[in-house]
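Worksheet: one structure, shown below.
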Amino acid sequence: MEEAIQGFITYLHNVKKKSLNTELSYKRDLSKMQDYFASAGITELDDITEEALAEYVAYLNGNGFAAATVSRSVASAKAFFHYCANEGLVKKDPTVTLRAPKIEKKMPEILTMDEVTRLLEQPRGDSPKEIRDKAMLELLYATGIRVSELINLEVSDVNMQMCYITCHDAGKERVIPFGREAKRAMTRYLDGGRAAIVEDPSSDILFANCSGQKMSRQGFWKLIKYYAKKAKIAADITPHTLRHSFAAHLVENGADLHAVQEMLGHSDISTTQIYATMNHNKIREVYAKAHPRG
């Protein structure tokens, strides 16, 4: 089974052009499934039946795994066995009747405009670090990119004259504009703050840590937590909160849903649709409170 899993991961990388994070997620899920079947004495792919997989899902459900985790594990198993069937590694796909548990969709945490303003105003000093932090926060909210995309940006990905950045995700590129506040913060950073942090003139890293190396996800997570606390924001925010807020505020102010989908890099419009749902809910709340017969 190990060889088949590795072949599937290679297929995801070379053919499907999936991101490294997606590949690692699949590998983690499939390794967990492999360990379960090995403990039950099942090591051959063709010995994994529909019943055996149903028992595996029951095991996950009965051992405290969240519905989202179980659902993702089922999706990973389905993708893997579909690949195995197409490659002739199994006689039939045993996941055809496999069903994932229903997941209750939770509305994403978003900040109010006032909270966003307070957060973005926190790095207000003249030190290279604060100038960098200001640029990172402004750019993150201005573009709605993922934190992994933010920390992987290079100087060559930023067009300051036309005010847009180019994001590279699993071999795809998307161009996202940014506005005047982000431009002001980025100009200040590129004109002086960056050179004090990134001492190597040949480096193309846009945002580096204090050692001049590429910033980690954990490093930025700590940074945003620090400024959220300074801004006295009660919500337990993460870097993804600014991405959700970016999308929700655009839709709330009339942005076309397909344009928001393109900027976020969503492959399916249904993923973006949740922000429209949030906006409709807000409109209903306003109506209920304000209309005399609401």
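The values are calculated or read from the model by the stated rules, or taken from the named source; none is laboratory data. Given the structure is predicted, the values throughout are model-derived calculations rather than measurements. No Cβ is skipped: glycine too gets one built from the backbone with ideal geometry, and neighbour counts run over all protein chains shown. SASA here: full protein model, heavy atoms, side chains in, ligands and nucleic acids out. Shrake-Rupley method; radii C 1.70, N 1.55, O 1.52, S 1.80 Å.
So in the stretch 120-143, with the set limited to residues that are basic (Lys, Arg) and within 24 Å of the chain's Cα centre (by Cα), which one is farthest from Phe178 (Cα to Cα)?
Across the stretch 120-143, the extreme among qualifying residues is Arg132.
What is the number of the single condition among (1) part of a loop (DSSP other than H, G, I, E, B); (2) over 14 Å from Asp29 (Cβ atoms); (3) open to solvent by less than 50 Å² (accessible area, probe 1.4 Å) that Leu98 does not meet?
(2)
If you check Ile131 against the conditions, is it at pLDDT 95 or above, of a type in the set (A, V, I, L, M, F, W, C) and open to solvent by 10 Å² or more (accessible area, probe 1.4 Å)?
It is true that Ile131 is at pLDDT 95 or above, of a type in the set (A, V, I, L, M, F, W, C) and open to solvent by 10 Å² or more (accessible area, probe 1.4 Å).
Suppose we filter Ala38, Ala66 for residues that are out of contact with any Lys or Arg (no Cβ under 6 Å at 6 or more places or on another chain) and modelled with pLDDT of 90 or more; which single one remains?
Ala38
Please verify whether Ser127 is closer than 27 Å to Thr241 by Cβ, out of contact with any strand residue (DSSP E or B) (no Cβ under 6 Å at 6 or more places or on another chain) and touching a residue at least 40 places away in the same chain (Cβ under 8 Å), treating the condition exactly as stated.
no
For Ile165, indicate whether it is open to solvent by less than 70 Å² (accessible area, probe 1.4 Å) and either part of a loop (DSSP other than H, G, I, E, B) or more than 21 Å from Pro123 (Cα to Cα) (or both).
On the way: open to solvent by less than 70 Å² (accessible area, probe 1.4 Å): yes; either part of a loop (DSSP other than H, G, I, E, B) or more than 21 Å from Pro123 (Cα to Cα) (or both): yes.
Spelling it out, Ile165 is indeed open to solvent by less than 70 Å² (accessible area, probe 1.4 Å) and either part of a loop (DSSP other than H, G, I, E, B) or more than 21 Å from Pro123 (Cα to Cα) (or both).
Of everything in the stretch 109-123 that's in a helix (DSSP H, G or I) and either of a type in the set (Asp, Glu) or open to solvent by less than 40 Å² (accessible area, probe 1.4 Å) (or both), which residue is nearest to Ala228 (Cα to Cα)?
Among residues in the stretch 109-123 that are in a helix (DSSP H, G or I) and either of a type in the set (Asp, Glu) or open to solvent by less than 40 Å² (accessible area, probe 1.4 Å) (or both), the one nearest to Ala228 (Cα to Cα) is Leu119.
Please go through the stretch 1-32 and give me each residue that is without any contact (Cβ under 8 Å) to a residue 60 or more places away in the chain, charged (D, E, K, R) and either open to solvent by 30 Å² or more (accessible area, probe 1.4 Å) or assigned to a loop (DSSP other than H, G, I, E, B) (or both), ordered by number. Before you say what the answer is, go through the steps one by one.
Initially, the stretch 1-32 is screened for residues without any contact (Cβ under 8 Å) to a residue 60 or more places away in the chain, giving 1-3, 6, 9-10, 12-16, 20, 23-32.
Pick out the ones that are also charged (D, E, K, R) and you get 2-3, 16, 23, 27-29, 32.
Listed by number, the residues that qualify are Glu2, Glu3, Lys16, Lys27, Arg28, Lys32.
Going through the stretch 34-91 one residue at a time, which ones are part of a loop (DSSP other than H, G, I, E, B), surrounded by 12 or more Cβ atoms within 10 Å (Cβ to Cβ) and more than 29 Å from the chain's Cα centre (by Cα)?
Ala40, Ile42, Thr43, Ile48, Thr49, Glu87, Leu89, Val90
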